[in-house]
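Written below as structure tokens is the structure these notes are about.
The values are calculated or read from the model by the stated rules, or taken from the named source; none is laboratory data. Here the structure is a predicted model, which is why all the values come from computation and not from measurement. Because the Cβ atoms are built from the backbone with ideal geometry, glycine has one as well, and the counts that use them run over all protein chains shown. Accessible surface is based on the protein model in full, side chains and every heavy atom, while ligands, DNA and RNA are left aside. Shrake-Rupley method; radii C 1.70, N 1.55, O 1.52, S 1.80 Å.
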Amino acid sequence: MTRPALRIDSAELRLVRLPLVAPFVISTGTVTEKVFPLLTLRAGGLEGYGEGVMDVLPDYLEEVVSGAMALMRELFLPLVIGKSFANPQELATLLAPWRGNQMTRGMIDMAFWDLWAKSLDLPLQTVLGGSGEAIDVGVSLGIGPIDNTLQRVAAHVALDYKRIKLKIKPGHDVALVSAVRAAFPDTPLSVDANSCYSLADSAMLRDLDDFALDYIEQPLAWDDIHDHATLQARIATPICLDECIRTVADARKAVQTGAARVINIKAGRVGGHTESLRIHDLCAAFDIPVWCGGMLESGIGRAHNIHLSTLPGFTKPGDTSSASRYFHRDITVEKLEATAGRMPVPPGPGIGVMLDQDFLATVTLSTDRIGA
Ligand code: OSB
Ligand code: MG
């Protein structure tokens, strides 16, 4: 059976601002609001949605919101509008000559996957190769005083989140993890340093071996696979890479050098679902478990993450916790909330969530329309 290709008729690029319920603190700084680009691609009466995960400042990776908006308006959207694509790989091939900018290309890639799944009248998870009605989820807890962290861990253990991830930084590491482990001897725990240590901290990082952590996420520099390989040889706890993995080539280098024994796939960081699938398949071939991270996404990015997490290689709980932990009100009609540490997959074609247009209008900072 041959299907007609999908022609992208037009696009809408919004800049959206959602206040956070509480400040989120990680080693690189504190976030109090989520500002993100939201892309709508239109084809034959259907709409597909993609969310950008870049920050306003280059504090996680290099891409920033202002640059992404400009690149999208000036290069990527003019390139795809008016063109037809039979599948998401064709679109990825068109953008392939351009280097980097994985978060920006990821917005287009994910919006097109959503559109394509809708054109087939299938859930996104089905066209990605996943299955199941819900996924196991963990939670990522920002940096705070030990007492307060113990209370937050208790609250989320009570909600049956499947893994608790503690953000750490120098001065908030061994004592914090030791206190949490003492109070919660059997809870699956991990830590995420967001690149704040160096090899000079190897001894402290080795001390974390005492706490049966599932893994240590991104302890060293955001762009340094080599030093992570050196560190992994010095410590027993598996290293999980986040920032270092932007492409399947990065994943291959990390796995082959022994820099990572676990990989965090964030669709928004690696260029969307097309590259996520490649990384997923590579990791499966090397017997490396993967899980789906998050970037405090709205319901659009969150729904994409949930569908992706239903693929078989995602054997560890992800970070896609309840949206209400971050936002008083989300921009989607469907509320993405976990029950007993399980996040339901939004049913229906594509990502399975609709934009709450009235609310979205009140949190939109700007709107660009490109094409008809
Ligand atoms: O490193 O995983 C990270 C949030 C912002 C930037 C980086 C990270 C995170 C999280 C939050 O850990 C995950 C989430 O709940 O979306
Ligand atoms: Mg991380």
> What is the distance in Å between the Cα centres of region 280-344 and region 78-145?
Replying inline: 13 Å
> Considering only Pro346, Leu308, Gly318, whose Cα is most displaced toward the positive end of the charge dipole of region 304-372, charges sitting on Cβ of Lys, Arg (+1) and Asp, Glu (-1)?
Replying inline: Gly318
> On a 0 to 90 degree scale, rounded to 10, what angle separates helix 299-308 from the longest Cα axis of the chain?
Replying inline: 80 degrees
> When you take every Cα atom in region 164-226, what is the radius of gyration, and what is Dmax, the widest Cα pair distance, in Å?
Replying inline: 11.3, 35
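In the structure shown, do any of Lys165/Lys335; Lys118/Lys165; Lys167/Lys253; Lys253/Lys335 have a Cα-Cα gap over 29 Å, and if so which? Don't skip to the answer; put the middle values down first.
Values: Lys165/Lys335 23 Å; Lys118/Lys165 34 Å; Lys167/Lys253 26 Å; Lys253/Lys335 38 Å.
Exceeds cut-off: Lys118/Lys165; Lys253/Lys335.
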> Residues with amide H under 5 Å of Lys34's amide H, sequence separation 5 or more or different chain, H placed in the peptide plane at 1.01 Å from N; which?
Replying inline: Leu18, Leu20
>> Starting from the 7 Å offset along Cα-to-Cβ, what nm value, one decimal, do you get for the label separation of Val333 and Ala155?
In response: 3.1 nm
> Using Cα atoms only, what is the angle between the long axis of helix 174-183 and the major principal axis of the chain, expressed in degrees (0 to 90) to the nearest 10?
Replying inline: 90 degrees
> Going by average Cβ neighbours within 10 Å, how do the peptides 120-132, 21-33, 263-275 rank, with the highest at the top?
Replying inline: 263-275, 120-132, 21-33
> Which whole-Hz couplings ³J(HN,Hα) result when phi for each residue of region 218-233 is put into the Karplus expression 6.51 cos²θ - 1.76 cosθ + 1.60, θ = phi - 60°, listed in order with x for Gly and Pro?
Replying inline: 6, x, 10, 3, 4, 10, 10, 5, 4, 5, 5, 5, 4, 5, 4, 5
> Three principal axis extents, largest first, for the C-alpha atoms of the chain, in Å?
Replying inline: 59, 41, 37
>> Amide H of Asp192 versus every other amide H placed in the peptide plane: which residues, excluding those fewer than 5 positions away on the same chain, fall under 5 Å?
In response: Leu166, Lys167, Ile168, Glu217
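Give me the accessible area per residue for region 197-305, probe 1.4 Å, as a whole number in Å².
31 Å²
Under 8 Å for C-alpha pairs, at least 6 residues apart: give me the relative contact order for the chain, rounded to a whole percent.
Numbers: 828 pairs, mean separation 82.6, N = 372.
RCO, the chain: 22 percent.
Ignoring ligands, DNA and RNA, please state the percent of accessible area on region 223-372 from carbon and sulfur, probe 1.4 Å. Please list the in-between numbers first.
Working: 2860 of 5290 Å².
Roughly 54 percent, rounded to a whole number.
Heavy-atom accessible area per residue, region 1-115, 1.4 Å probe: how many Å²?
Values: 4710 Å² over 115 residues.
That works out to 41 Å² per residue.
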